[in-house]
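One structure is given here, and the rest of the page talks about it.
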Amino acid sequence: MHAPDPQRSIDAVWRNESPKVIAALMRMVRDIDLAEELAQDALVTALERWPASGVPDNPGAWLMAAAKNRAIDHLRRNQLLARKHAQIAHELEGLHDELHEAREAAYDDDIGDDLLRLIFVACHPLLSMEARVALTLRLLCGLATDEIARAFLVPEATVAQRIVRAKRTLGEADVPFEVPRREELPERLSAVLGVVYLVFNEGYSATAGEDWMRPALCEEALRLGRLLVGLAPAEAEASGLLALMELQASRLRARIDASGEPILLPDQDRARWDRDAIERGLEALARAERLARERGPYTLQAAIAACHARAAAAGDTDWTRIVALYDELVALAPSPVVELNRAVAVSMRSGPEAGLALVDALADAPALRNYHLLPAVRGDLLQKLARHDEARAEFERAAAMTRNERERALLLARASGP
């Protein structure tokens, strides 16, 4: 039996614990760059000591204590302690005793509040969506810059610049390290959920590159979703988003074959769907529906995913209910993409001609002009209607538009079909 790899253990600890450490340091030093630097210093110390001494029983508390010691040293060294006394006296009161106890026990009582503050800072509306995603993956998922770059197929330098600029923007704006005021919370929480969902979607259906999916990104989004539900248990849409991601992620193993080729939903072996993930998703959906007076967009999408999860076979899917849920979603959050998904559901309930009429009505929507799934859906419906030449042209058009190589191959294969 092989001994545990210390490096892998340290990497796992860092990914799990670094958000808590950085969040606690942010409360102390009020500077993202400095908080991350001090946390990294603690990690370096761990890398030096743990291979020889072994990973501590409570590695998170060890990292927290080491990082806070460095924060205190920094504040003293830069003569900030006196000038910031009023601001940080409460946090530092009795800190030496706390640091000693942390080696044996837990984190600060308000670590949950610190993490929630950090989430809202990383997803601040001052930042572009690309910057929010990069900063969130860096600070809250513990991903290195090169890992983020590989996940989104952009140069590492681009990701590094996004992170640097994001931190600079937040610093120059003096963004407070706090949870938004009650009246601001719905809008800000919506932005946070949007970042998490974007990360998940990129993992579930990769925009570009050689892989159909990037499951690691789905896992990071799920971690963030579970964290948000734990920190904001009364927010229905946080539970709704978690339900949606759990239910979608339950299909990951069935979405590709042994060689990595895509398998579309109707052709998937449902025995390979993760039943535990489905149960977690259904529980989160039930919680979201209990919390909400009216179902929000994520909860509605989760309810649609639940219809698929509950169907033992593709032919058992309740398409009438799915269309009704899409009707509700279109009324609540109208968009051409939602309309396109609804058209697919209508085609499954009422036949390909009914679906094609709805798809054709979306042909001139500016938002779908470069959206490869519009011709892909149209090709599928035309193929079902035995209009094979037209279908072939649509699949070829979709293949030319996608940047994902697996998806392109799938579309070209469908173009050369019957």
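The values are calculated or read from the model by the stated rules, or taken from the named source; none is laboratory data. Everything quoted here is computed from the prediction, not taken from an experiment. Please note: Cβ atoms are built from the backbone with ideal geometry, for glycine as well, and neighbour counts cover all protein chains shown.
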task = Kindly provide the set of residues from segment 174-190 that are closer than 27 Å to Met28 by Cα and either in contact with a strand residue (DSSP E or B) (Cβ under 9 Å, 6 or more places away or on another chain) or surrounded by 14 or more Cβ atoms within 10 Å (Cβ to Cβ) (or both), ordered by number.
result = Val175, Phe177, Val179, Pro180, Leu185, Arg188, Leu189
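Would a scan of segment 125-142 turn up a residue that is hydroxyl-bearing (Ser, Thr, Tyr), under 18 Å from Arg168 (Cβ atoms) and either in contact with a Ser or Thr (Cβ under 8 Å, 6 or more places away or on another chain) or surrounded by 16 or more Cβ atoms within 10 Å (Cβ to Cβ) (or both)?
yes
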ask   = Restricting attention to segment 269-286, which residues are touching a residue at least 24 places away in the same chain (Cβ under 8 Å) and either touching a strand residue (DSSP E or B) at 6+ places or on another chain (Cβ under 9 Å) or outside any helix (DSSP H, G or I) (or both)?
value = Trp273, Asp274
note = Those residues of segment 247-267 which are assigned to a loop (DSSP other than H, G, I, E, B), under 15 Å from Pro215 (Cβ atoms) and hydrophobic (A, V, I, L, M, F, W, C) amount to Ile263
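When you check Leu193 against the structure, is it crowded, with 19+ Cβ neighbours inside 10 Å, of a type outside the set (Lys, Arg) and closer than 18 Å to Phe120 by Cβ, yes or no?
Working: crowded, with 19+ Cβ neighbours inside 10 Å: yes; of a type outside the set (Lys, Arg): yes; closer than 18 Å to Phe120 by Cβ: yes.
Yes, satisfied.
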remark   = Ala376 meets each of (1) part of a loop (DSSP other than H, G, I, E, B); (2) of a type in the set (Gly, Ala, Ser); (3) assigned by TED's automatic domain parsing to the domain that holds Met401 with one exception, condition (1)
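Kindly evaluate Gly112 against the criterion of being farther than 30 Å from Gly209 by Cβ, assigned to a helix (DSSP H, G or I) and at pLDDT 90 or above.
It is false that Gly112 is farther than 30 Å from Gly209 by Cβ, assigned to a helix (DSSP H, G or I) and at pLDDT 90 or above.
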message = Testing Leu382 on (1) surrounded by fewer than 21 Cβ atoms within 10 Å (Cβ to Cβ); (2) modelled with pLDDT of 95 or more; (3) over 28 Å from the mean Cα position of the chain (by Cα), one condition comes back false. Which one is that?
response = (1)
message = Residues that are hydrophobic (A, V, I, L, M, F, W, C) and part of a helix (DSSP H, G or I): does segment 174-185 have at least one?
response = yes
task = Within segment 346-357, track down each residue that is over 23 Å from Asp316 (Cβ atoms) and buried (at least 19 other Cβ atoms within 10 Å of the Cβ).
result = Leu356
message = With the requirement that a residue be over 16 Å from Gly194 (Cβ atoms) and either touching a Cys at 6+ places or on another chain (Cβ under 7 Å) or at pLDDT 95 or above (or both), what does segment 227-238 give you?
response = none
